[in-house]
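Asker: Structure in structure tokens, see below.
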Amino acid sequence: MSDQIKVLPENLANKIAAGEVIERPASVVKELVENAIDAGGSRVAVEIKAGGKQLIRVMDNGRGMSREDAVLAFERHATSKIDNEDDLYRIGTFGFRGEALASIASVARVDLTTNTAEEEAGSRIRIDGGAAPRVTDAGRAEGTTISVSQLFYNVPARRKFLRTTGTETRHIVSVVSTTAMAYPEVAFSLTIDGRESLSFPAVSNTYVRAQAVMGNTLMNQMIPVTYDDELVKIHGFISRPDATRVSRTHQYLFINQRPVSSRALNHAVFEGYGSILPRDRYPVSIIFLAVDLDQVDVNVHPAKREIRFSDESSVYKRLLQAVRLALQNSDVVPVFETDTPDISDMTPAAAPGTGNAPGPESTMERRTQIDLFGPERRGGDATGDWTYTPGDTVREGGDEARQGTVREDTHGEPVSLWQLHNAYIFAQVRDGFILIDQHGAHERVLFERALQTMDRESAPSQQLLFPVTMDLPVPQLALVQEHFDLFGRLGFNVKLFGEQTVVVDAVPCAAKKQGVDTLFQRMVEHLQDLPARDLKAEERIARTFSSHAGIRKGDSLSQREMDTLVNDLFATETPYVTPGGRPIMVRMPLEEIERRFNKTP
Ligand code: ADP
Ligand code: MG
């Protein structure tokens, strides 16, 4: 038998590499945009046709290439970005593998024009499916334009797997906007089938860019995160606990300005919320980490989407800490305490891939202030000993007042719920006390109930003795009609009367009978113009209903009413923040009380 092994022809090798790097049109866009940024451009314009299947063109005003370089750029492993092995461990550019252009040119028709500040004539290089380049002069300003057409025209198997134009377009939009987020000082545009669809002018900071990319509504619901020490600098934005999403897909992570995916670090953000997140909800986060170049290995994944840290668990801890601090400082998580846990005491809980077992026993769980939410909600054991347990009673004759005691004061026993200034409820808990905002508490209770009843289509209503009649403008009337059903399930009995008049003759039992007209009008108005565009109608109605229908500041509450309210509150999914993100309670631990009285516990 003769020798079997042969070295693959260059073009075939490139095609194989393309299989790894170039999965779909969006991968081409990613590589070309990254090259444009690496070239120092301040403007990157992307144009696509038919979801990039017909054409992808990326134009930059960067430093361009000499003719020799431009030809060389298409050879496999041709790169200007690293010289030697040491450079591989200090990568500060997007590219370094020298594979993208060679791969792209082997599976599409490529037409590149480029010019540098030094060269007289610019160059035009055309390559079809990895064939020999055709080189001509091209007059053009400094910068580079690469057009890639008919992607995979010579790889039918791949072409067949491309999805609809809409899907491929969505992937491209996502690549452009994600990259744009990390480079606010670079202007980006995306033209889809001749229409400019995205346009992000150069701005001075990531917040302003994030507003352009993510929208003001979302950014208004975000709080800033910062952290800075010798290992890592972190900045970014995380959602308030009330602005969360049902999936994990809204977590953006950038390491040294490179978008990467990291389950572990996304998990750090999630963990940082402790249990203030409602069940099955995930934060939106945009996190920028900066570490020394030699702390990360970017050469892990052909498309460079993943990254390896030399000390991942330290980065994990710091990110988690940064998120906790951000939430604390934002008033979403209220505490009297002033001390913050020492980072050196902390162990990350169960980051995937870090090999740590989840443990409520970890120091962090016990010491941190955010984790005031108690063991039940996280399925841990009784480390959060201040947790209010509904239904606990005073032990007769016991000298130790148990938490959550809400019985009537019939035996002269002290009760542990008091109303302060007709606005707050003071409650003793095992390791201190909490103050509950009565309005916020009821808002939370009503909100969750409203959502439930709208889901189930059964809400007890109470008949109004005097039905309320309202004249509404036509657009609002249309909204009422559209959501008839929802109002009904919530417990409002609504009828149309004549052209413009709405009659409400029954309201939910939980609502007060006074002010029904204002309440109803508010609900309709908020359906119309509540800024949170991404809230469902149910949620909008529930929010307005809950913030206007219930107990208010100034309402005097009986012992029994407080009892019910507090019990109901702790039966909700998220007893700590209102649907609008305001805190519902603050806590004073005994330790802190003692400290303030200059006693050392
Ligand atoms: P890499 O980015 O990994 O170096 P590529 O195949 O993407 O590999 O690009 C090869 C080389 O071509 C780059 O190293 C760079 O020198 C040059 N190049 C590619 N695109 C541009 C551009 N838009 N402007 C200037 N030079 C470019
Ligand atoms: Mg590149």
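Asker: Just how far, in whole angstrom, is the range 1-45 from the range 279-303 if you go by their alpha carbon centroids?
Answerer: 23 Å
Asker: Sticking with the crude label model, points 7 Å out along Cα→Cβ, report the distance from residue 573 to residue 329 in nm, one decimal please.
Answerer: It works out to 2.9 nm between the two label points.
Asker: Follow-up question, since we're still on this one. Which pairs, out of 30/53; 81/160; 15/53; 49/304; 30/233; 30/81, put more than 23 Å between their alpha-carbon atoms?
Answerer: Violating the 23 Å limit, Cα to Cα: 81/160; 49/304; 30/233.
Asker: Further question: For 42, 247, 461, 103, what ranking results if the residue with the fewest other Cβ atoms within 10 Å of its Cβ goes first?
Answerer: 247, 42, 461, 103
Asker: I've got another one for you. For the range 10-201, rounded, prolate or oblate, judged on the Cα gyration tensor with a ≥ b ≥ c (square roots of eigenvalues), a/c < 1.5 rounded, else prolate if a/b > b/c?
Answerer: Rounded.
Asker: At 20 °C and 1.002 mPa s, what whole-number value in µm²/s does Stokes-Einstein give for the translational diffusion of the range 215-336, with Rh from the Kirkwood sum over Cα pairs?
Answerer: Answer from the Stokes-Einstein relation: 146 µm²/s.
Asker: Still on this structure, please answer the following. Applying a 10 Å radius around every beta-carbon, put 11-20, 200-209 in order of their mean neighbour count, most first.
Answerer: 11-20, 200-209
Asker: Would you mind ranking 497, 520 by Cβ crowding within 10 Å, fewest neighbours first?
Answerer: 497, 520
Asker: Tell me the net charge near residue 132. Cut-off is 14 Å between Cβ atoms, residue 132 excluded, with +1 for each Lys or Arg and -1 for each Asp or Glu.
Answerer: Taking every other residue near residue 132 into account, the sum is 0.
Asker: Kindly identify the range 441-548 as rounded, prolate or oblate by the Cα gyration tensor criterion: order the square roots of the eigenvalues as a ≥ b ≥ c, call it rounded if a/c is under 1.5, otherwise compare a/b with b/c, prolate if a/b is larger, else oblate.
Answerer: oblate
Asker: So, by mean Cβ neighbours within 10 angstrom, what's the order for 28-40, 77-89 with the highest one leading?
Answerer: For the peptides 28-40, 77-89, the packing ranking is 28-40, 77-89.
Asker: Using a Förster radius of 41 Å, what is the FRET efficiency between residue 501 and residue 199 based on their Cβ-Cβ separation? Nearest 0.05, please.
Answerer: 0.35
Asker: What GluC sites (Glu not before Pro) does the range 426-504 have in DSSP loop regions with at most 12 other beta carbons within 10 Å?
Answerer: Within the range 426-504, the qualifying GluC sites (Glu not before Pro) (loop, at most 12 other Cβ atoms within 10 Å) are 457, 499.
Rule-based calculations on the coordinates, nothing more; no lab input. Source: prediction; values computed, not measured. With ideal geometry, Cβ positions are generated from the backbone for all residues, glycine too; neighbour counts draw on all protein chains shown.
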